[in-house]
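The values are calculated or read from the model by the stated rules, or taken from the named source; none is laboratory data. Everything numeric in this text was worked out from a predicted model, so none of it was measured. FYI the Cβ positions are ideal-geometry reconstructions off the backbone, even for glycines, and counts take in every protein chain you see. Heads up: the accessible areas ignore ligands, DNA and RNA and are worked out on the full protein's heavy atoms, side chains in. Shrake-Rupley method; radii C 1.70, N 1.55, O 1.52, S 1.80 Å.
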Amino acid sequence: MFATTKAFSGFSVDDIDAARKFYGETLGIRVSEENGLLTLHIAGDRDVLVYPKPDHTPATYTVLNFPVDDIEAAVDELASRGVGLERYEHLEADEKGIFRGGGPLIAWFTDPAGNVLSVLQPS
């Protein structure tokens, strides 16, 4: 039934203007807006819907993962754009905020609504 549809994911934010600025300007993702909803046009022809929700609660999981070739460079670029990295008690990160404890190298950060995002370097 859904094998041929072009599915897409979505998540909520509490401020569409802040989301547009963060995703479009800070992260450099192409965004469009229609009817008060944002669409993130992610590489690989993958659109993600971002919608306002007045009682928004940030996701407690990673909503978007951005694979990168060089996580050190990606983390440095995020820092230069004013994006801080998240640190979690149960996952020991290095001085840059990169978790190197197994699996792909990964670093987490949040959008203005508190949703968790990551950059990761596949093995």
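Quick notes
- You will find that of GLY101, GLY114, GLY97, GLY28, the residue that is out of contact with any Asp or Glu (no Cβ under 9 Å at 6 or more places or on another chain) and of a type outside the set (Val, Ile, Thr) is GLY28 and no other.
- Filtered residue count, region 71-107, keeping only those that are within 14 Å of the chain's Cα centre (by Cα) and open to solvent by 30 Å² or more (accessible area, probe 1.4 Å): 3
- Pairs meeting the criteria (first residue in region 99-123 and farther than 16 Å from ASP76 by Cβ and among the hydroxyl-bearing types (Ser, Thr, Tyr), second residue open to solvent by 10 Å² or more (accessible area, probe 1.4 Å) and in a strand (DSSP E or B), beta carbons under 7 Å, at least 6 apart or on different chains) are THR110/GLU86; THR110/VAL116.
- Within region 2-56, considering residues that are without any contact (Cβ under 8 Å) to a residue 12 or more places away in the chain, on the phi > 0 side of the Ramachandran plot and not charged (D, E, K, R), the one surrounded by the most Cβ atoms within 10 Å (Cβ to Cβ): GLY28
- Scope region 91-123; condition polar (S, T, N, Q) and in a strand (DSSP E or B); matching residues: THR110, SER118, GLN121
Okay, residues lined up against (1) under 19 Å from GLY44 (Cβ atoms); (2) touching an Asp or Glu at 6+ places or on another chain (Cβ under 7 Å); (3) of a type in the set (Gly, Ala, Ser):
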{"residue": "VAL75", "(1), (2), (3)": "no, no, no"}
{"residue": "ALA79", "(1), (2), (3)": "no, no, yes"}
{"residue": "GLU92", "(1), (2), (3)": "no, no, no"}
{"residue": "THR110", "(1), (2), (3)": "no, yes, no"}
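- The residue that is nearest to PHE8 (Cα to Cα), counting only those in region 40-59 that are modelled with pLDDT of 95 or more and over 13 Å from the mean Cα position of the chain (by Cα), is TYR51.
- Note on region 60-70: among residues that are closer than 18 Å to THR110 by Cβ and out of contact with any strand residue (DSSP E or B) (no Cβ under 6 Å at 6 or more places or on another chain), the one that is surrounded by the fewest Cβ atoms within 10 Å (Cβ to Cβ) is TYR61.
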